[in-house]
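Notes for the one structure printed next.
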Amino acid sequence: MKRKTSRDILSALILLSSVIVTSSAQALSLDTDKIDKAINGAIAPFTDTFSNFIFYPITIAGQELPWIVVWLATAAIGFTLYFRFINFRGFGLAIRIVRGDYTKKSDAGEVSHFQALTAALSGTVGLGNIAGVGVAISLGGPGATFWMILVGLFSMTSKFAECTLGVKYREIDEHGVVSGGPMYYLKKGLAEKGLPRLGAILATIFAICCILGAFGAGNIFQVSQSLSQIKLVTGGQESFLHNNGWIYGVAVSIFVGVVIIGGIRSIASVTSKLVPFMCGIYMLAAFGVLFADFSQIPAAFNAIIKGAFAPEASIGGVIAVMIQGMRRATFSNEAGIGSAAIAHSAVKTEEPVTEGLVALLEPFIDTVVVCTTTALVIIITGAYLSGDASGIVLTSNAFTSVYPSFDKALAVIAFLFAISTTITWAYYGQKSWNFLFGDNKIIDITYKLIFCAVAIIGSTMPLGKIVDFGDAALFSMAIPNIIGVVILAPVVKQEINSYLERIKSGEIAPVTAEDKG
């Protein structure tokens, strides 16, 4: 009853705030373009410096690659070797755990393995799978797909390690509410290793970057991009949303506010239905395209392999294709950034490594399945050959070549992706906010009001520099996170070895149907 009352109060406050913001803007005849330019101009010196550092390019055979991508890819490969290819060895067991075969009703936590997986997936499966693949193929050709798949496979181990630690060092209060993620395993885990000061510093840096990333990449970008697609299919400049984007922002902020007030249980309840639904629609449409020209699938895979290793150019050409695939895969699945560990830490389990195993499915679904399917659609339809489209436009062109009205369906899918990503990142940001400022109702409501207000702002002004800064903040989370995971890797190794030995000996056995959580 209290939660329902809080939800009603927050919804009313969000609506009131949106009315005040929009009516004030109209009363003062504010020019949003001028506001955008003023804000961008004011923060540009700082955001440019920060973004340039995070995305500083390393030149390889004449091709540039942001060092942060190298950082994440190197970590993924290193973890895969260190954990002896657990991404492949543990795949079948991960499926059984998601089904609930090893989960008891009495296990501590807030959500099931499946709900934790879908909540985390909702933060990664999104516009990157639609637009990002289009960018990779338009710049690197079909061969970029091969490198996306390869990086996605290695990234499974990064997710495994960070999510195991997320559960290992989580905290559960007297009400059963879970708090976990890199902030906690950096602080507590490194303290166990005799590095309390380093752990505290890294945890604080991570939390700050996570909040900024939640506002930028997880909020403004999602609202702005989905609104653009909706405007496009509702008339462009003639659309009722043209110059009235705030209406969309208010609608998104109210919906998001109602969901996030209930915490991870409410978010998981929504994403466990929304993610399979939106992925199902998208994949059915994609399979429809593939089956319509089924005979071309072998040729498409041949183009992917040939393009990856023999793109008409020398070694520099191969590296150029490799860089595009690596870059988009890293940006898509977010493995190594640490965000997913926040959602996975809320799972019902007494064995931390079980959620690590479940988490390794995330990059597989996100990059290997969804991104590869998108790439096949683009390649088979030949949409990339025109050379005059990129990103979501290229993907849309590929689908509309088979389904003439698919641009409208894509707008709905983009909206669903944006909503699911926004509510999940709202939770990530909230947990980081609570880590820094404490956990009480006033602090919670303050964060949620700010987050929802940012959604309205994102629908009215592009705020390019803020979005750039949000992207940089998102990937800067990987710096403290990877450092911590490397130091704590032996802890993860001990957890997985112990768990597998107990399964092999029969000490851990599948639970009965009555005991399943």
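Backbone geometry of the range 336-344 corresponds, through the Karplus equation with coefficients 6.51, -1.76 and 1.60 at θ = phi - 60°, to 3J(HN,Hα) couplings of x, 6, x, 4, 4, 4, 5, 6, 5 Hz, x marking Gly and Pro. Taking 7 Å steps out from each Cα toward its Cβ at D101 and Y403 produces label points 3.4 nm apart.
A cut-off of 5 Å between modelled amide H atoms, ignoring neighbours fewer than 5 places along the same chain, links M477 with no other residue. Surface exposure of the range 63-105, expressed per residue as accessible area with a 1.4 Å probe, stands at 47 Å².
For the pair E64 and R197, what calculated FRET efficiency results from E = 1/(1 + (r/R0)^6), where r is the Cβ-Cβ distance and R0 = 35 Å, to the nearest 0.05? FRET efficiency, R197 to E64: 0.45.
In order along the range 80-96, phi translates into HN-Hα couplings of 4, 5, 5, 8, 6, 6, 5, 4, 9, 4, x, 4, x, 5, 4, 4, 5 Hz, rounded to whole numbers, per the Karplus curve 6.51 cos²θ - 1.76 cosθ + 1.60 with θ = phi - 60° and x for Gly and Pro. Inter-part distance, the range 148-182 to the range 415-459, computed on C-alpha centroids, equals 20 Å.
Taking amide H as placed 1.01 Å from N in the peptide plane, I60 has its amide H under 5 Å from the amide H of L65, each at least 5 places away in sequence or on another chain.
Each label point was placed 7 Å from the Cα along the Cα-to-Cβ direction; for F309 and E238 their separation is 5.2 nm.
The accessible surface of the range 362-451, taken with every protein chain in place and a 1.4 Å probe, is 65 percent carbon and sulfur.
Students often check this: by mean Cβ neighbours within 10 Å, which of 490-502, 412-424 ranks highest, and how do the rest follow?
Details: 490-502: 16.5, 412-424: 24.6.
Highest-to-lowest ranking by the protection proxy: 412-424, 490-502.
Couplings for the range 213-218, taken from phi via the Karplus curve 6.51 cos²θ - 1.76 cosθ + 1.60 with θ = phi - 60°, read x, 5, 5, x, 5, x Hz in order; Gly and Pro are left as x. Could you check the spin-label model distance between A489 and F46? Points 7 Å from the Cα along Cα→Cβ, value in nm. Calculated label separation equals 3.6 nm. Summarising the amide proton neighbourhood of K104: residues at separation of 5 or more, or on other chains, whose placed amide H is nearer than 5 Å comprise G517.
Determine the shape class of the range 359-432: with a ≥ b ≥ c the square roots of the Cα gyration tensor eigenvalues, call it rounded for a/c under 1.5, and otherwise prolate if a/b is greater than b/c, oblate otherwise. Note, shape of the range 359-432 comes out prolate.
Quote the Stokes-Einstein diffusion coefficient, in whole µm² s⁻¹, for the range 333-381, based on the Kirkwood radius over alpha carbon pairs, a temperature of 4 °C and a viscosity of 1.567 mPa s. Could the numbers behind the result be given before it?
Numbers: Rh = 12.4 Å.
The calculation lands on 105 µm²/s.
In this structure, the pairs whose alpha-carbon distance is over 24 Å, taken from K187/K431; K273/K408; K104/K187, are K104/K187.
The values are calculated or read from the model by the stated rules, or taken from the named source; none is laboratory data. Source: prediction; values computed, not measured. With ideal geometry, Cβ positions are generated from the backbone for all residues, glycine too; neighbour counts draw on all protein chains shown. Protein only, heavy atoms only, side chains kept; ligands, DNA and RNA dropped before computing areas. Shrake-Rupley method; radii C 1.70, N 1.55, O 1.52, S 1.80 Å.
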